[in-house]
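For reference, the structure discussed in these notes is given below.
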Amino acid sequence: MNVWLWGATGLLVGFVPCGWISLRASRIDALVALQTAGTVTALTLVLLSEGFDRSSYMGVALALPFLGFVGTLLIARFMGGHR
Amino acid sequence: MTPHELVLGILIGSGVVGELLCCAGLVLMRNVYARLHYAMAASSLPPFLVAVAVIVEEGWTQPGINALVVAVTLFLVSPVAAHATARAARSRRR
């Protein structure tokens, strides 16, 4: 274990509050939790990429913010239009 | 522990703790607008701390630049997503 993998392991704890909000709060709150989980995932992949020295993980981390952004816009549009 | 490892530990530790505090803020806040503040804070400073840690380790090579691109992308697109989410929350409240 190096400092990168310790950091990635610590970041995994951040999924617990996001999952809690997704399960217990309203759907629009769950969307906010989903955005935060996407950020946590991207940072975890960056740390794992350095920790395991695998550059392919960084490619996923690069694509994730764009895909998460489009997904969030679509879900927000859907939720705003359907009360 | 060398100074290089110490700097890496401080940068990564600060990034991880900042991110975890933002995640805890999601649970502690009461409404969607307050939670959005924490979601946006999670995509502002902590990604840059992690990116700086990668640049300190790798220099201005492909992994360092990729980590910086991830941080800048999160910093730029998250406010737009937050705005769309807040608008959806507002229209659902009416």
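No lab work stands behind these numbers, since they all come straight from the coordinates. Bear in mind that the values here come from a model prediction, so they are computed numbers and not experimental data. When we count neighbours, we look across all protein chains shown, and the Cβ atoms used for this are built from the backbone with ideal geometry, even at glycine.
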>> I need B:L49, A:L43 ordered by Cβ neighbour count within 10 Å, fewest first.
In response: B:L49, A:L43
> R0 = 35 Å: FRET efficiency of B:I65 with B:V27, Cβ-based, nearest 0.05?
Replying inline: 0.50
> Given the rule -39500 (n - 2.57) for each run of at least 4 DSSP H residues, summed and divided by the residues of the protein assembly as shown, what is its mean residue ellipticity at 222 nm, to the nearest 500 deg cm²/dmol?
Replying inline: -30000 deg cm²/dmol
>> Defining a contact as two alpha carbons under 8 Å apart and six or more residues distant in sequence, what relative contact order in percent does segment A:3-81 show?
In response: 31 percent
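So for B:L36, A:L73, fewest C-beta neighbours within 10 Å to most, what's the order?
Arranged by neighbour count, lowest to highest, B:L36, A:L73 become A:L73, B:L36.
Take the Cα radius of gyration of the protein assembly as shown and divide it by 2.2 N^0.38 Å, with N its residue count; two decimals is plenty. Write down the numbers at each step before the final one.
On the way: Rg = 16.3 Å, N = 177, 2.2 N^0.38 = 15.7 Å.
Cα-based Rg divided by the globular estimate yields 1.03.
Per-residue Cβ counts within 10 Å, from other chains only, averaged over A:14-26: what number is that? Spell out each step's value before the answer.
Numbers: counts 10, 1, 4, 9, 5, 0, 3, 5, 1, 0, 1, 6, 4.
Taking the mean over all residues of the peptide, I get 4.
Local charge sum around B:V50 (other residues, Cβ-Cβ under 15 Å, Lys/Arg +1, Asp/Glu -1)?
Computed value for this residue: -4.
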> If each residue's Cβ is checked for other Cβ atoms within 10 Å, how do B:S43, A:S55 rank with the fewest at the top?
Replying inline: A:S55, B:S43
>> Can you tell me, using C-alpha contacts under 8 Å and at least 6 residues apart, the relative contact order of chain B as a whole percent?
In response: 28 percent
